[in-house]
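Each value in this text was obtained by applying a stated rule to the coordinates, not by laboratory testing. The model shown is predicted, which means the values in this text are computed figures rather than measured ones. Cβ: placed from backbone, ideal geometry, glycine included. Neighbour counts: every protein chain shown.
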Amino acid sequence: MPGFIWGEFIERDMIAARVSRDQRAAIVASTQYFKSHAKPDSPRDLTRHRCIDISMGSAGVYRWEFEKGSQALAVAVNGALVIDDMDMTIRAAMDGVGLASSLDEYVAPHIARHARSGP
């Protein structure tokens, strides 16, 4: 879903301070998953997919956040699985469980390895 950036939603009474550069979100799944599921074209399509939810402890389950220009959107996905560990989340996606949300730079080595080894 090109053009979407992992955003951070700030309440009106809060102040935001930049602590890192912009980071791009990556929504990933295995080749196996996409053999039986259409690729999402927009964040709203995610509600029709099996997604791997990320547990945020006492804050609940992470709502996948997107930002494009001045528009922001948070999507509560349907989790086939809820995990609190990013390595396990990526492993589950690679194993065909569903879509995972991560940072582009985190999944890039996995994608490169997969491209070198073939489907």
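If you take the alpha carbon radius of gyration of the chain and divide it by 2.2 N^0.38 Å, what ratio comes out, to two decimals? Mind showing how you got there, number by number?
Values: Rg = 14.7 Å, N = 119, 2.2 N^0.38 = 13.5 Å.
Here the Cα radius of gyration is 1.08 times the empirical estimate.
Counting only helical runs of four or more DSSP H residues, what would the 222 nm mean residue ellipticity of the chain come to if each run contributes -39,500 (n - 2.57) and the total is spread over all its residues? Spell out each step's value before the answer.
Values: 3 runs with 29 residues, N = 119.
It comes out at -7000 deg cm²/dmol, rounded to the nearest 500.
Full extension of the chain between Arg91 and Arg48 yields a length gain of 13.4 nm, computed as 0.36 nm times the residue separation minus the alpha carbon distance. Listed by Cβ neighbour count within 10 Å, with the fewest neighbours leading, Met86, Met56, Met14 appear as Met14, Met56, Met86.
Which whole-number percentage describes the relative contact order of the chain, with Cα contacts under 8 Å and a sequence gap of 6 or more? All intermediate terms of the calculation are to be shown ahead of the outcome.
Details: 173 pairs, mean separation 39.6, N = 119.
Relative contact order here is 33 percent.
Computed packing ranks the peptides 15-21, 99-105 as 99-105, 15-21, most packed first, by mean other Cβ atoms within 10 Å.
Just want the ordering: Lys68, Lys35, from fewest to most Cβ atoms lying within 10 Å of their own Cβ. Kindly include the intermediate steps, with their values, before the conclusion.
Values: Lys68 15, Lys35 9.
Least to most surrounded, the residues fall as Lys35, Lys68.
The fewest-to-most ranking of Ile52, Ile111 by surrounding Cβ atoms within 10 Å reads Ile111, Ile52. What angle, in degrees between 0 and 90 and rounded to the nearest 10, separates the Cα long axis of helix 104-117 from the longest principal axis of the Cα atoms of the chain? With rounding to tens, the tilt is 10 degrees.
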